[in-house]
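Report on the following structure.
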Amino acid sequence: MFVNCEKWRKKENVDHILEEFHYEEKPLVAQMYPTYYHKTDKDGRPVYYEELGRVNINEMLKITTQERMVKNLVWEYESFVKFRLPACSRKSGVLIETSCTILDLKGITISSAYSVMGYVKEVSYIGQNYYPERMGKFYLINAPFGFSTAFKIFKPFLDPVSVSKIFILGSSYKSELLRQIPKENLPVKFGGESEVPDSEGGLLLSDIGPWREPEFIGPEGEAPHVFSLK
């Protein structure tokens, strides 16, 4: 796996992606497929949110490409490893090596899920093979009826360690999320108390966390932005 990873990194010029790749269309893409980091959970992990149920791939492809979407995903992984995790580790006082992910399926349809299947498969492959063991907790919320049953069918074929980190929740997810994420860190839209004014980028673009707090930023510097702040 290590050899293949190094070949992939060289082929995709990953070592320089943080400096060379700029995703200027992100503010627009974020409205059609919200993906963002926002603060930390009770274990000190950075919390990543993905609102898959809001995806509008046809509109997105008018302003970006799947290739650029994938490059942005790799950019985020690199920023996560090199900037977010070190800052979170300093704030927590312990080594933080994983994230807490909230995947919101509210509004998901078969057609919308199918429309992003190619992208999801590609980025899942990258995550599993080139950034392994980065999942600390994974919550699927607003899961549609029957989702849990379907998951149980495939559960025996999955890695038990990974399965133990996955929690499938319906619309009554608030109490479960608050067990893992402090209410002051959980966005209001998910039952918490954290709000970000639009003047500061709103929830989708503000990127708030220890990686933006001067006292926790080390020699690696502050986490970069993938688009120009204006």
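The values are calculated or read from the model by the stated rules, or taken from the named source; none is laboratory data. Every value quoted in this text rests on a predicted model; they were computed, and no experiment measured them. Glycine also receives a Cβ, built like all others from the backbone with ideal geometry; neighbour counts cover every protein chain displayed. To get the accessible areas, we keep the full protein, side chains included, count just its heavy atoms, and leave off ligands, DNA and RNA. Shrake-Rupley method; radii C 1.70, N 1.55, O 1.52, S 1.80 Å.
The table below gives the values:
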| item | result |
| --- | --- |
| Descending principal axes extents, the chain, alpha-carbon based, whole Å | 47, 38, 37 |
| For region 1-40, diffusion coefficient by Stokes-Einstein and Kirkwood Rh (Cα), 20 °C, 1.002 mPa s, µm²/s | 169 |
| Cα centroid of region 171-230 to Cα centroid of region 1-79, whole Å | 16 |
| Heavy-atom accessible area per residue - the chain, 1.4 Å, Å² | 55 |
| Under Karplus coefficients 6.51, -1.76 and 1.60, residue-wise ³J(HN,Hα) of region 173-183 in Hz, glycine/proline x | 9, 3, 4, 5, 5, 6, 6, 9, 10, x, 4 |
| Rg over Rh, two decimals, region 1-81 (C-alpha only, Kirkwood Rh) | 1.01 |
| With DNA, RNA and ligands ignored, accessible area of Phe190 (1.4 Å probe; Å², nearest 10) | 10 |
| Highest average packing first - 39-51, 92-104, Cβ atoms within 10 Å | 39-51, 92-104 |
| Entries in Lys39/Lys106; Lys10/Lys189; Lys7/Lys183; Lys39/Lys121; Lys11/Lys189; Lys26/Lys189 that, when Cα-Cα distance is taken, lie over 31 Å | Lys10/Lys189; Lys7/Lys183; Lys11/Lys189 |
